[in-house]
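*Asks:* There's a structure below that I have some questions on.
The values are calculated or read from the model by the stated rules, or taken from the named source; none is laboratory data. Since the structure is predicted, the reported quantities are computational estimates derived from the model, not experimental observations. Virtual Cβ from ideal backbone geometry, glycine too; neighbours counted across all protein chains shown.
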Amino acid sequence: MNMKPEIVETVKSIATDEKVKEALAFLEADNDATTNEQIELTGIEAPTFEEWTRGKVYQEKLRSLGIEDIQVDEVGNVFGIRKGAGNGPSLVLCAHLDTVFPAGTDVQAKWVDGKVYAPGISDDGRGLAVVLTILRALNHAGIETKGDLIVGATVGEEGLGDLHGVKHLFSTRNDIDGFISVEPGAPERITYLGTGSKRYSVTYKGPGGHSFGSFGTANPIHALGRAIAGISVLETPADPKTTYNVGVISGGTSVNTISETAKMIIDLRSNSEEELANLEAKVLEILQQAAVDENTFRGKSDEVTVEIEQVGDRPAGSQSPDADIVQASMAAVAALGFEPVLGSASSTDSNVPINLGVPAVTLNGGGEAGGIHTLNEYYDPTNAHFGPQTILLTVLALLGYGETAEPVLPKRQAEVAQK
């Protein structure tokens, strides 16, 4: 795997600095404390759109670590700043507060055979805890970066949250030069591409009636079935990977009732904005045609109607593996003795900055994660410290450190101001 020699050398020099070695050792020693904090944060319910309580706790944790100017914005994002020496770039380091689990889910941790089981313990309890342990390590070793570290947590990363937290972050700030989000998983994996998605809530409506007495009435459920059948036979490219899924359907009141409504939620995804737009156009046409076909078949004009509401719009994004932020991440992985792995595109908070042309990666917090998005989600803390160690080295390379390690991350604010 090609790595830029100059960036490799920068990361190696940082990794051998005495203060940095002290910080790396701290992260290993802090592994158990990090796990305990992960358990604590996971035990605070935080369904998407209901992250406030966990966010306030996170705000206080950031404050206790000396983070300045901490703000909870209009949507619930929690961010502050760890000032650098000055005249360097600004880098965001964050995780997401929300989970996929509804209010009332038992999120209290249970230890079984060396693993911690709790819904959300890995995604993204791990990310939240990693951000905090990195701050502790920087403080412990007395490390001052050249650039500013904008640190905190976003809301609305999961599901129908539609990345609204990170979208708001970038719509209200122009001082961000680079972005790192932290998710669970092996430390050697780097996500640098964003899978885009469009999500629609589709409702067919009609007069309804008795299944026998009103037979011949146009049926919303039948229209829904026509739409699903049409979508299910669409052909999409394997590269760039482009997919569709009808994930939720509902409607009807009884077996002998012609329904008044039928509803589904559709997920469309692609690694290409162009292919996603092509798929979206085809699906929207099928949805409209299904209502027409059901009415026509029953000899009706417009008994069944369709309402289409867009409920998700996650932008796709790509950047070169030669991008400095990707190269710095790879060099950090290699410096710790691992083989860097450039992961396939996925949907994370990094989608938004990548789409906007802001250098961004999603890095993994270490430890073994499993059962993600299920009630059996777990986390194994064995050797998990390699995750935050990798991220720490990446941060220091990007922001610059010491007398010789200049920031790998270029400043963008000046470029934006000149346009």
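*Asks:* Suppose we filter Val341, Val304, Val292, Val255 for residues that are surrounded by 19 or more Cβ atoms within 10 Å (Cβ to Cβ) and either over 21 Å from Gly194 (Cα atoms) or at pLDDT 95 or above (or both); which single one remains? Spell out the reasoning first.
*Replies:* Values: Val341 fails: surrounded by 19 or more Cβ atoms within 10 Å (Cβ to Cβ); Val292 fails: surrounded by 19 or more Cβ atoms within 10 Å (Cβ to Cβ); Val255 fails: surrounded by 19 or more Cβ atoms within 10 Å (Cβ to Cβ).
Exactly one of Val341, Val304, Val292, Val255 is surrounded by 19 or more Cβ atoms within 10 Å (Cβ to Cβ) and either over 21 Å from Gly194 (Cα atoms) or at pLDDT 95 or above (or both), namely Val304.
*Asks:* From the list Glu235, Glu274, Glu285, which residue is within 30 Å of Ser318 (Cβ to Cβ), at pLDDT below 95 and among the charged types (D, E, K, R)?
*Replies:* Values: Glu235 fails: at pLDDT below 95; Glu285 fails: at pLDDT below 95.
From the options Glu235, Glu274, Glu285, the qualifying one is Glu274.
*Asks:* Could you count how many residues in segment 250-284 are outside any helix (DSSP H, G or I), under 21 Å from Gly159 (Cα atoms) and of a type in the set (Asp, Glu)?
*Replies:* Of segment 250-284, the ones outside any helix (DSSP H, G or I) are 250-272.
Filter again for under 21 Å from Gly159 (Cα atoms), leaving 250, 263-272.
Checking the rest, the ones that are also of a type in the set (Asp, Glu) come to 267.
Residues flagged as outside any helix (DSSP H, G or I), under 21 Å from Gly159 (Cα atoms) and of a type in the set (Asp, Glu) within segment 250-284 amount to 1.
*Asks:* Shifting gears a bit: Could you list, in sequence order, all residues of segment 74-103 that are touching a residue at least 60 places away in the same chain (Cβ under 8 Å) and assigned to a strand (DSSP E or B)?
*Replies:* Across segment 74-103, the qualifying residues are Val78, Phe79, Gly80, Ile81, Arg82, Ser90, Leu91, Val92, Leu93, Cys94, Ala95, His96.
*Asks:* While we're here: Could you check segment 259-279 and list, in sequence order, the residues that are surrounded by fewer than 22 Cβ atoms within 10 Å (Cβ to Cβ), closer than 14 Å to Ser347 by Cα and not polar (S, T, N, Q)?
*Replies:* Asp267, Glu273
*Asks:* Now for a separate question. For segment 91-137, what are the residues that are β-branched (Val, Ile, Thr) and surrounded by fewer than 24 Cβ atoms within 10 Å (Cβ to Cβ)?
*Replies:* Filtering segment 91-137 for residues β-branched (Val, Ile, Thr) gives 92, 99-100, 105, 107, 112, 116, 121, 130-131, 133-134.
Answer for segment 91-137, where residues must be β-branched (Val, Ile, Thr) and surrounded by fewer than 24 Cβ atoms within 10 Å (Cβ to Cβ): Val100, Thr105, Val107, Val112, Val116.
*Asks:* Out of the residues in segment 44-70 that are part of a strand (DSSP E or B) and in contact with a strand residue (DSSP E or B) (Cβ under 6 Å, 6 or more places away or on another chain), state the one that is surrounded by the most Cβ atoms within 10 Å (Cβ to Cβ).
*Replies:* Ile70
*Asks:* Of all residues in segment 368-399, how many are in contact with a helix residue (DSSP H, G or I) (Cβ under 9 Å, 6 or more places away or on another chain), aliphatic (A, V, I, L, M) and either under 14 Å from Glu183 (Cβ atoms) or surrounded by fewer than 23 Cβ atoms within 10 Å (Cβ to Cβ) (or both)?
*Replies:* Of the residues in that region, 3 qualify.
*Asks:* Which of (1) crowded, with 20+ Cβ neighbours inside 10 Å; (2) in contact with a helix residue (DSSP H, G or I) (Cβ under 9 Å, 6 or more places away or on another chain) is the odd one out, the single condition His140 does not satisfy?
*Replies:* With (1) crowded, with 20+ Cβ neighbours inside 10 Å; (2) in contact with a helix residue (DSSP H, G or I) (Cβ under 9 Å, 6 or more places away or on another chain) applied to His140, the lone miss is (1).
*Asks:* Report yes if Ser171 is of a type in the set (Ser, Thr, Tyr), surrounded by 23 or more Cβ atoms within 10 Å (Cβ to Cβ), modelled with pLDDT of 95 or more and over 30 Å from Val306 (Cβ atoms), otherwise no.
*Replies:* Numbers: of a type in the set (Ser, Thr, Tyr): yes; surrounded by 23 or more Cβ atoms within 10 Å (Cβ to Cβ): no; modelled with pLDDT of 95 or more: yes; over 30 Å from Val306 (Cβ atoms): yes.
Against the criterion (of a type in the set (Ser, Thr, Tyr), surrounded by 23 or more Cβ atoms within 10 Å (Cβ to Cβ), modelled with pLDDT of 95 or more and over 30 Å from Val306 (Cβ atoms)), Ser171 does not qualify.
*Asks:* Please enumerate the residues belonging to segment 166-186 that are under 24 Å from Gly366 (Cα atoms) and not β-branched (Val, Ile, Thr).
*Replies:* Filtering segment 166-186 for residues under 24 Å from Gly366 (Cα atoms) gives 166, 178-186.
Correct list: Gly178, Phe179, Ser181, Glu183, Pro184, Gly185, Ala186.
*Asks:* Another question about this same structure. Among Thr243, Thr236, which is the only one that is more than 24 Å from the chain's Cα centre (by Cα) and either surrounded by 17 or more Cβ atoms within 10 Å (Cβ to Cβ) or in contact (Cβ under 8 Å) with a residue 24 or more places away in the chain (or both)? Quick ask: steps written out before the conclusion?
*Replies:* On the way: Thr243 fails: more than 24 Å from the chain's Cα centre (by Cα).
On inspection, the qualifying residue turns out to be Thr236.
*Asks:* In segment 349-367, which residue that is surrounded by fewer than 24 Cβ atoms within 10 Å (Cβ to Cβ) and in contact (Cβ under 8 Å) with a residue 40 or more places away in the chain is nearest to Thr10 (Cα to Cα)? Before you say what the answer is, go through the steps one by one.
*Replies:* Just the residues of segment 349-367 that are surrounded by fewer than 24 Cβ atoms within 10 Å (Cβ to Cβ), to begin with: 355-358.
Next, only the ones that are in contact (Cβ under 8 Å) with a residue 40 or more places away in the chain stay: 355-356, 358.
Details: Asn355: 28, Leu356: 27, Val358: 22 Å.
Checked segment 349-367; the qualifying residue nearest to Thr10 (Cα to Cα) is Val358.
*Asks:* Quickly run through segment 191-233 and pick out the residues that are free of Cβ contacts under 8 Å to residues at least 60 places away in the same chain, farther than 22 Å from Lys282 by Cβ and not aromatic (Phe, Trp, Tyr).
*Replies:* Of everything in segment 191-233, those that are free of Cβ contacts under 8 Å to residues at least 60 places away in the same chain, farther than 22 Å from Lys282 by Cβ and not aromatic (Phe, Trp, Tyr) turn out to be Gly208, Gly209, His210, Ser211, Gly213, Ser214, Ile221.
*Asks:* Mind counting the residues in segment 209-226 that are touching a strand residue (DSSP E or B) at 6+ places or on another chain (Cβ under 7 Å) and part of a helix (DSSP H, G or I)?
*Replies:* Counting residues in segment 209-226 that are touching a strand residue (DSSP E or B) at 6+ places or on another chain (Cβ under 7 Å) and part of a helix (DSSP H, G or I) gives 4.
*Asks:* Surrounded by 14 or more Cβ atoms within 10 Å (Cβ to Cβ) and farther than 30 Å from Val395 by Cβ: is that true of Ile325 in this structure? If you could, list the steps in order and put the result at the bottom.
*Replies:* Numbers: surrounded by 14 or more Cβ atoms within 10 Å (Cβ to Cβ): yes; farther than 30 Å from Val395 by Cβ: no.
So Ile325 fails the test.
*Asks:* Here's something else I'd like to know. In segment 1-21, what residues are in a loop (DSSP other than H, G, I, E, B), β-branched (Val, Ile, Thr) and either touching a residue at least 60 places away in the same chain (Cβ under 8 Å) or surrounded by 18 or more Cβ atoms within 10 Å (Cβ to Cβ) (or both)? Talk me through it step by step, then tell me what you get.
*Replies:* Within segment 1-21, the first condition is being in a loop (DSSP other than H, G, I, E, B), and the residues that meet it are 1-4, 16-17.
Subset that is β-branched (Val, Ile, Thr): 16.
Scanning segment 1-21 gives no hits.
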